[in-house]
Amino acid sequence: MRSRHVEEGAFGRAAQERAAAEAEAEIGRLCERLAEGLAMGLDEGREMVGGAMAEFLVDFFETVRAKGSRPGMRGMVALPMLVHGAEAGDPAPARPLAVVHLLWWAAARYLDDLTDVPGAPSAGNTAVAKRVLTALAVGGQLPARLVADLPVPDAVRLGLADEVSRVWLDAVDGQLRDLTERPSAATPASVLRAYAGKTGAPYAMAAASAARLAGAGADRAGGWRAFGRRLGVLRQLVNDQRDLASGRHEDLANGTATYLLAHLLSTLPPARRREALALHAGARHSACARAELTAWMLDEDVLDGYAASVAPLIGHAHDLLGLLGGDPAFVRGLHDLVDETAVHLPGLRLAVA
């Protein structure tokens, strides 16, 4: 891995931490206005939906703190600000887009948990149905209203609105692929395609929106969108790893076809592959099956091959940054963001040292 001084630079880790705290504080102020039925660029009288959104967002940040997810939140905030810095030399104007990115993830994480967390309550439950409606407002309509209120030229506002719309379509496509694909039919390529939607899309939105805000044309915005999507895929791979390392094994309990599982299955001879698939089927209800399959997935030889297959994804992210260019200090920060993500992947050093 390349060595970088991530604490330093124009927008290093300390500055990113401050920006994340400022974004959280801004959402806190937003919640106060929402509770009064305001802050949506509309007239008064929407206390019901505003109050529900405020409560939803308070719960989101409490969950972030409880799960120790603040480093991930820092990355969500840093991405659009670093991209804007790369394009225009100043990260600050992209702070509203960092807020939009957080709002999207607040909604998406709740909706994802309805399908991914074993024992999650049914959407037929009235309380859950209310939260689903609130999540859709938080992640879809609230960002749209915030974008509509930005003091930017109409052409820029139209581009930002396009990114907010695009992210939902791309992410839902990826999530549907994730929910539909059976492990027996999954391949590493098909899993990556789902990841590019369900997790890559919001990072693509954050990066491309920041470029558009800085005045970038369609081609450069598309390049930043591609970079953001690649970064999002890497972060999904890290999420998969953390699920295994933590012992939660939510993916196995849900029967999800992760990239590591697809990689393992692709390396096995037919008889062993059938055995692995039987373990995966049993893992939904058996802790013993989950433990045994986890041992298979974390075998040193399997991880070596996994790391070798992931290394080109990391290299591509760095290559995209090289092609896009921009203010060197902020481009360096984006390289750091890739490396900070990649270092959490199992066996990576063996593949890219």
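Seen against the Cα atoms of the chain and their longest principal axis, helix 218-246 is set at about 50 degrees. At R0 = 56 Å, how high is the FRET efficiency between Ser286 and Leu158 if r is their beta carbon distance? Nearest 0.05 is fine. E between Ser286 and Leu158, to the nearest 0.05, is 0.60.
For region 133-200, the Kirkwood radius over C-alpha pairs fed into Stokes-Einstein at 10 °C and 1.306 mPa s yields D = 117 µm² per second. Here the gap between Asp173 and Thr115, fully extended at 0.36 nm per residue and compared with their Cα-Cα distance, gives a gain of 19.4 nm. Angle of helix 328-342 to the longest C-alpha principal axis of the chain, folded into 0 to 90 degrees and rounded to 10: 40°. Relative contact order, whole percent, for region 13-352 stands at 16, derived from Cα pairs under 8 Å and 6 or more residues apart. Selection among Phe330, Leu298, Leu277 by position relative to the dipole of region 277-345 gives Leu277 as farthest towards the positive end (Cβ unit charges, Cα centre). Apply 1/(1 + (r/R0)^6) to the Cβ-Cβ distance of His316 and Ser266, taking R0 = 22 Å, and write down the FRET efficiency to the nearest 0.05. Calculated transfer efficiency: 0.65.
Sorting the segments 273-282, 191-200, 289-298 by their mean number of nearby beta carbons within 10 angstrom, highest to lowest, gives 191-200, 289-298, 273-282. Here the average projected area of the convex hull drawn through the C-alpha atoms of region 13-352 stands at 16.9 nm².
A Förster radius of 22 Å, combined with the Cβ-Cβ distance separating Arg33 from Leu150, puts the computed FRET efficiency at roughly 0.85.
With springs only between Cα atoms under 10 Å apart, run a GNM on the chain and tell me which of Ala257, Ala287, Ala78 wobbles the most. Ranking Ala257, Ala287, Ala78 by mean-square fluctuation puts Ala287 first. Principal-axis analysis of the Cα atoms of the chain puts helix 200-213 at an angle of about 30° to the longest axis.
Each label was represented as a point 7 Å from its Cα along the Cα-to-Cβ direction; for Ala218 and Ala278 these points are 5.5 nm apart.
Bear in mind these aren't lab numbers, they're just calculated from the coordinates by the rules spelled out. All values reported here derive from a predicted model rather than from experimental measurement. Neighbour counts are summed over all protein chains in view; Cβ atoms, including those assigned to glycine, are modelled from backbone coordinates with ideal geometry.
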